[in-house]
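What follows is a single structure, written as structure tokens, with notes after it.
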């Protein structure tokens with residue numbers, strides 16, 4: 001999909017226009033021909049395809065986040081059952097897992113709520129190159145902010161982990177919560193970087209398209 005749209009944008013950026021015969025008379029430009037996959041070389045169609053690709057990518061990102069959140073909720077619940085004496089089937093409850101389990105459950109629940117809100121929202125209609133570029137740019141900014149936050153989560157978790165090694169008590173709980181937060185930050189960072197990587201070709205394709213006509217311009 002991305003390769004087709006980028007190739008389409010490159011063809012439009014070349015702007016072949018109307019051919020000029022030797023006698024100087026203008027020859028009307030030939031109708032847009034379908035490309036090898038049947039897409040017409042028209043700016044409006046390219047913009048619509050790129051907008052649709054962005055919306056699909058946002059949904060795919062939410063789906064990946066939902067899977068990650070669901071795994072954390074299930075794993076967190078199972079680990080918490082093993083960690084607590086009243087529910088653990090083990091002769092000695094694995095108390096070291098308790099903080100990790102609590103973090104998994106908490107982050108998983110929050111992320112599931114974020115996924116639900118995201119899937120319930122309706123994307124605003126976008127019809128111009130400029131609006132499509134702005135929407136793609138906004139998405140990229142949000143994703144990069146998230147990557148920065150993910151790094152902050154990992155540093156915070158690492159600080160708790162380090163505190164356990166420095167003698168903070170109870171050391172098991174500090175270490176368990178720290179490892180849990182680092183794990184969550186790392187998982188979210190991977191998902192956000194994938195989304196950033198996916199956004200770059202769409203932005204390049206939009207930049208290659210000609211500007212949309214101004215509504216206020218006179219004929």
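The values are calculated or read from the model by the stated rules, or taken from the named source; none is laboratory data. None of the values given here were measured: they were computed from a predicted structure. Cβ: placed from backbone, ideal geometry, glycine included. Neighbour counts: every protein chain shown.
Kindly evaluate residue 127 against the criterion of being loosely packed, with under 13 Cβ neighbours inside 10 Å, under 24 Å from residue 69 (Cα atoms) and at pLDDT below 95.
Working: loosely packed, with under 13 Cβ neighbours inside 10 Å: yes; under 24 Å from residue 69 (Cα atoms): no; at pLDDT below 95: yes.
No.
Residues that are in contact with a helix residue (DSSP H, G or I) (Cβ under 6 Å, 6 or more places away or on another chain), in contact (Cβ under 8 Å) with a residue 12 or more places away in the chain and either more than 30 Å from residue 209 (Cα to Cα) or assigned to a loop (DSSP other than H, G, I, E, B) (or both) do not occur anywhere in the stretch 134-141. Exactly one residue among 196, 145, 182 is outside any loop (DSSP other than H, G, I, E, B), under 13 Å from the mean Cα position of the chain (by Cα), without any contact (Cβ under 8 Å) to a residue 60 or more places away in the chain and surrounded by 14 or more Cβ atoms within 10 Å (Cβ to Cβ), and that residue is 196. For the stretch 102-111, the criterion of being under 21 Å from residue 57 (Cα atoms), within 15 Å of the chain's Cα centre (by Cα) and at pLDDT 90 or above is satisfied by at least one residue.
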